[in-house]
Amino acid sequence: MTIPHQETVRSRQFRIHGMDCAEEVTVLKNEVGPVVGGVEYLTFDVLRSRMTVLPSAVKANANEILAAVARTGMRADVWQDDEASNGEVVAGQLLSGRLLTTSISGLAIVAAILTHAASVGSLQAGLGIVESTVPWTARLLYLVAVIAGGWYVAPKAWHALSRLRPDMNLLMLVAVLGAMRIGEWFEAAAVALLFSVSLLLESWSVGRARRAVAALLDLTPPTVRLRGDNGKETSTSPDEVDVGATFIVKPGERIPLDGEVVEGRSDVNQAPITGESVPVSKEPGATVFAGTINGDGAIVVRSTKSAGQTTLAGIIRMVGEAHSRKAPSEQWVESFARYYTPAVMVLALLVFFLPPLLLGQPWERWFYSALVLLVIACPCALVISTPVSIVASLAAAARNGVLIKGGVFVEAPSRLKAIALDKTGTLTEGKPSVVEVVPLSGHTEQELLERALALELRSEHPLARAIVRHAQGLGIAPSPADDAQIIQGKGVSGHFNGRLFWLGSHRYLEEREQETPEMHERLNELAGSGRSVVVVGNDSHVCGFIALTDEVRPTVRDTLQALRERGIEHLIMLTGDNAPTANAVAERIGIDEVRAELLPEDKISAIEELVARYEAVAMIGDGVNDAPALARATIGIAMGAAGTDAAIETADIALMTDDLSRLPWLVQHSRRTLAIIRQNIAFSLAIKLLFVALTFAGTASLWAAIAADMGASLLVIFNGLRLLNASSR
């Protein structure tokens, strides 16, 4: 299996210190976007505190980008290759700094309460239960609490004010200053402390999500046991190993690089990569993946990919980058937040001015209510819940053998109504074998196979590989045809021993008008028994037929039934194989509709018809000829283990093992992800609406509003992290 390498070489990446909330992403877009030519050239990974400037952006230099980030009150460094480890150190330092300032704020409040109580001789006065004048010493301590609590907030708030772009930091600062202005020193300090605690817990919980994702994917062992030409063993880092080098994997060890087994036999646990629950037997010639676990036998492996290009590295890279392709829910939340915050600020101003002006209400009470509304305006619980859920969903899918290439494709399977499936390599094993050779026109079986071998020797099609295997197994020496040309969707032609020969399907034979009634009857008989037939001929006659069979995957029928139980209304087979063979397979597995003898453009037309009828349609395939249909479908799903690079590159989702039973799991996982996202959105909005109502009723307080917002942030984050526990069951 090959995981496509996305363009990251020319992308510029930066670690953003202090970016823990999607609200801060908006601030960065507003400031950095104009520097690089537009916000469409920026992507953000909140969980890894990473900002990426896409290759197509205006070539602003790194210093200009760093300066733009600094103007937001945050700080940026150029992303280094070892950021995985450095990032944890930086995140730990930031967490420690926030813990220190939060602790200072909390201790200062306690000291202020005790000082106030001592000065008037009443603890109730110190707690604000009984009204009394706050002494200057207590005010000074409350001021220390406010400064410490707002230490990381004030620079961002100043940026928001200077750019006239209100954000949650400015809202908090206004609320705190307003409370101090009306003499509510305890309230002001409590808001600063609780907001600091909220940011501290948010930073910790985002760090937990970051570590959880890293733990799922950090599977590569740190050293490789290389075997030299003289048989001597040396240990080195996987990054130092060249393609083609030979290394040894002892029983129970993780395999450090992708490769091909050259010596030994063992059962390998591939669950970390493909999600397969049963160890897979490996012998010389078999492919192994980095990060998988060797069983009881020692094996010698020849490296086929560098450390940065292994299947595992591709998965890590794609899961890390996938969040830049945002899910519809995430896009909606971000759009909602852009209008929500200014709207609440306008509402707060109306609450402050209208009751006193129109109804003669006391200014102080409604000023306080306006401050409460400003606190409620913080949308962080709403905007952070969705990206955490999406990334957790992507990581869980990767662990279960399903590689989803972006957040936009996480939700799509939940809406599927129809699924189109290729036959060979998708519904069948993709490992056909020759079962009958029928020479004609005076040719022998060996002569027929010699011509077929010459034409198919360089093809990667499953039927071609089966013919080559069969011919070479009979001892026929390979001799490739000259000037071999693919006849798209039909076959191949080339010169053998100076004469032009062709090889193709029954349909191609009919197009050439070389078929006799006897041939037609024999070919239909073979196809009707579920066999695929390849015809070999030249300009003057037909040399013969080769019949192959490809076994249906054992779990296909149960998988299709499980899809129906999950609401999939229509299952259709799209194949280039002949109609009798396709119908025979469809009857065995229970497909609703069959379209056979299709060229790639025919498959596109079929997908377009399905999309017009059902809207949400998936196409599942593994071959080059499936790539256009994969691109046209609502979701393209590639068979990752045996699929071609073109199919995997084009698809939106790749099944990392050729196991169609992952499809019902994918649909269910998508629906669970969407349900959790909706729960988070509904809960966050409900908290906001509740406190708006309490504010108008005059019973909401500043500290209670921010405590509720902090609790909401934590609840939605942990609710999203539940997706990390998604099981293939």
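Every read-out reported here was derived from the displayed coordinates using simple, explicitly stated rules and does not represent laboratory data. Values in this document were obtained by computation on a predicted structure and should not be read as measured data. Please note: Cβ atoms are built from the backbone with ideal geometry, for glycine as well, and neighbour counts cover all protein chains shown.
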In whole Hz and in residue order, list the ³J(HN,Hα) couplings for the range 588-602 that follow from phi through the Karplus curve 6.51 cos²θ - 1.76 cosθ + 1.60, θ = phi - 60°; x for Gly and Pro. 5, 9, x, 7, 6, 8, 10, 10, 10, 6, 9, 7, x, 5, 5
List the residues, sorted by chain then number, that are 5 or more residues from residue 267 or on another chain and whose placed amide H is less than 5 Å from its amide H. 282, 295, 296, 297
Taking the Cα atoms of the range 451-493 alone, what are Rg (to one decimal) and Dmax (as a whole number) in Å? 10.0, 30
Which order do the peptides 416-422, 454-460, 431-437 take when ranked by the mean count of other beta-carbon atoms within 10 Å per residue, highest first? 416-422, 454-460, 431-437
Relative contact order of the range 224-309, defined on C-alpha pairs under 8 angstrom at six or more residues apart (%): 37 percent
Spelling out what I want: for every residue of the range 532-546, take phi, set θ = phi - 60°, compute 6.51 cos²θ - 1.76 cosθ + 1.60 (Karplus), and round to whole Hz; glycine and proline get x. 8, 10, 10, 10, 10, x, 9, 5, 9, 7, 8, 7, x, 10, 10
Tell me, what ³J(HN,Hα) does each residue in the range 250-256 have, in order and in whole Hz, if you take phi through Karplus 6.51 cos²θ - 1.76 cosθ + 1.60 with θ = phi - 60° and put x for Gly and Pro? 7, x, x, 8, 7, 7, x
So what is the relative contact order for the range 12-81, in percent, with contacts set as C-alpha pairs under 8 Å and at least six apart? 44 percent
Mind giving me the FRET efficiency for residue 488 and residue 63? R0 is 41 Å, r the Cβ-Cβ distance, nearest 0.05 is fine. 0.20
Amide proton proximity set for residue 660, modelled H, under 5 Å, gap of 5+: none
Compute the relative contact order of the range 433-549 as a whole-number percentage, counting only Cα pairs closer than 8 Å that sit 6 or more residues apart in sequence. 32 percent
Could you give the length gained on full extension between residue 300 and residue 357, defined as 0.36 nm per residue of separation minus the Cα-Cα distance, in nm? 12.1 nm
Where does each of 187, 511 land when they are ranked from fewest to most other beta-carbon atoms within 10 angstrom? 511, 187
Report the extension gain between residue 71 and residue 181 in nm, rounded to one decimal, defined as 0.36 nm multiplied by the number of residues separating them, less their alpha carbon distance. 36.8 nm
Each label point is 7 Å from the Cα along the Cα-to-Cβ direction; what then is the distance between the points at residue 78 and residue 441, in nm? 6.6 nm
Around residue 511 (Cβ within 12 Å, Cβ-to-Cβ, excluding residue 511; K/R +1, D/E -1) the net charge comes to -1
Between residue 605 and residue 136, what is the label-to-label distance in nm when each label sits 7 Å out along the Cα-to-Cβ direction? 9.1 nm
Sort 591, 653 so the one with the fewest other Cβ atoms within 10 Å of its own Cβ comes first. 591, 653
In what sequence do 699, 115 fall when counting other Cβ within 10 Å, fewest first? 699, 115
For the ranges 610-617, 368-375, what's the packing order if you count other beta-carbon atoms within 10 Å of each residue, average per peptide, and put the highest first? 368-375, 610-617
The pairs in 490/603; 250/431; 282/405; 250/282 lying past 19 Å Cα-Cα in this model are 250/431; 282/405
Note: the range 224-309 at 20 °C, 1.002 mPa s; Kirkwood Rh on alpha carbon pairs; Stokes-Einstein D in µm²/s works out to 171 µm²/s
Quick check: net charge around residue 434, other residues with Cβ under 15 Å of its Cβ, Lys/Arg +1 and Asp/Glu -1? -2
Label residue 336 and residue 243 with points 7 Å out from Cα along Cα→Cβ: what is the distance between them in nm? 4.7 nm
What does the net charge come to around residue 78 if you take all other residues with beta carbon closer than 9 Å to its beta carbon, with K and R at +1 and D and E at -1? +1
